[in-house]
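J.: Input: one structure, supplied below.
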């Protein structure tokens, strides 16, 4: 921020001490913002068993920001993401978050996962930083309302309700749940249990896997023993793929149902021909064809990017970047964190090219959109 003279109401110059105090306060409000850039901080898994989620989300966001920056940014400011690898581990994520806050980023952006986001959100709240578009639908990050937590996607409760409606609509009642033994998996399990309770059912069997592992043998034994008709999975792609392959080899012929965090493209890549009969709930527009203007923009931005392929995780990053940029535009030239949050809250019933978002001063979840997709043995994803 350029130092300048400040005139009081009486027309006299403020004293040097007052000027220094004013300048410090203004700079504190706009940490991470200069005349030429806005710096965001992202802690995400860029290595390890959930790496594809972090990498693809980041690449999708970069697609949007790079195109925006090439046109001069917003009010002359280009948006940059400073990223750190947390390996999908909460302790590493918390350390990364402290580092990003100490380095003065404007906001925390695109964190990946429930346990990591739960470790980071209290730090963001204490520092009064926007915690924007985490890649998770966990209720614990949404309730109670937190002024600094801003969610673009629908919740896991929304997703699991849609899954249970689909399963029970064809008369299936014996439904098992395979879930990751942490806050993410337990949130998903709670969502499934709530939806089943509404139709006088409960999970027929439960099986767990530890985060960042593929040790599914005990869960497989427990679940297969009750001869399930359908299996809901709340996990990351490697563990879920391992469970699916082994269950198929034991003769399970029913459908598997996953929430969006599994990483649809990563799951398809892991399973190959064994992806047949796997359903995934989605909270973003279909990224493989220009079925909406937003999907078309995503595919157009990717056109000249060698080696990049469309996928839902990348689309989520692209959408998060677009929503962020729209709020920055609405906040105006004098960008502060408070102005940014106020701009988000003013984005009521805004259609972003076929993906509506609706925020308010008391509602920081922009979308409730959910649809189910089916994976096929030839590597396709069908709506």
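Throughout, read-outs are computed from the coordinates displayed, never taken from laboratory work. In this text the structure is predicted, and so the values were computed from the model without any measurement. Every residue, glycine as well, gets a Cβ built from its backbone with ideal geometry; the counts of neighbours run over all protein chains shown.
J.: What is the spin-label model distance, in nm, from residue 378 to residue 215 if the labels are put 7 Å beyond Cα along the C-beta direction?
T.: Calculated label separation equals 4.1 nm.
J.: Right, another one. Only counting other Cβ atoms within 10 Å, I'd like 184, 148 sorted with the fewest neighbours first.
T.: Ordered by Cβ neighbours within 10 Å, fewest first: 148, 184.
J.: With contacts defined as alpha carbon pairs under 8 Å and 6 or more residues apart, what's the relative contact order of the chain in percent?
T.: 17 percent
J.: Another question about this same structure. If you average the C-alpha positions of region 205-235 and of region 57-126 separately, how far apart do those two centres end up, in angstrom?
T.: Taking the Cα centre of region 57-126 as reference, the centre of region 205-235 is 33 Å away.
J.: What is the antiparallel percent of DSSP beta bridges lying wholly in the chain, to the nearest 5?
T.: Antiparallel bridges: around 30 percent, rounded to the nearest 5.
J.: Among 269, 304, what is the fewest-to-most ranking by other Cβ atoms within 10 Å?
T.: Taking fewest neighbouring Cβ atoms as first place, the list is 304, 269.
J.: Here is a follow-up. Could you compute the FRET efficiency for residue 145 and residue 35, with r as their C-beta to C-beta distance and R0 at 30 Å, rounded to 0.05?
T.: Efficiency, rounded to the nearest 0.05: 0.30.
J.: Reported to two decimal places, what Rg/Rh ratio describes region 156-282 when computed on Cα atoms with Rh from the Kirkwood expression?
T.: Numbers: Rg = 12.9 Å, Rh = 14.1 Å.
With Rg and the Kirkwood Rh in hand, the quotient comes to 0.92.
J.: Only counting other Cβ atoms within 10 Å, I'd like 172, 234 sorted with the fewest neighbours first.
T.: 172, 234
J.: In whole percent, what relative contact order does region 170-304 give with Cα contacts below 8 Å and a gap of six or more residues?
T.: 21 percent
J.: When DSSP assigns beta bridges and you keep just the ones with both residues in region 250-383, what percent turn out antiparallel, to the nearest 5?
T.: 75 percent
J.: Okay, moving on. For the chain, with a Gaussian network of springs between Cα atoms less than 10 Å apart, report the residue from 233, 348, 56 with the top mean-square fluctuation.
T.: Judging by the Gaussian network model, the answer is 348.
J.: Okay, moving on. Once a ≥ b ≥ c are taken as the square roots of the eigenvalues of the Cα gyration tensor of region 121-206, is the result rounded (a/c under 1.5), prolate (a/b larger than b/c) or oblate (a/b not larger than b/c)?
T.: Working: a/c = 3.28, a/b = 2.43, b/c = 1.35.
Note, shape of region 121-206 comes out prolate.
J.: Moving to a separate point now. Please identify which residues in region 283-319 have an amide N closer than 15 Å to a label point set 7 Å out from the Cα of residue 165, following the Cα→Cβ vector.
T.: 283
J.: Hey, could you get me the Stokes-Einstein D for region 286-369, Kirkwood radius over alpha-carbon pairs, 37 °C and 0.692 mPa s, rounded to whole µm² s⁻¹?
T.: 238 µm²/s
J.: Which value at 222 nm does the chain reach when only helices count, each DSSP H run of 4 or more adding -39,500 (n - 2.57), with the total divided by all residues and rounded to the nearest 500 deg cm²/dmol?
T.: Result for the chain: -13000 deg cm²/dmol, rounded to the nearest 500.
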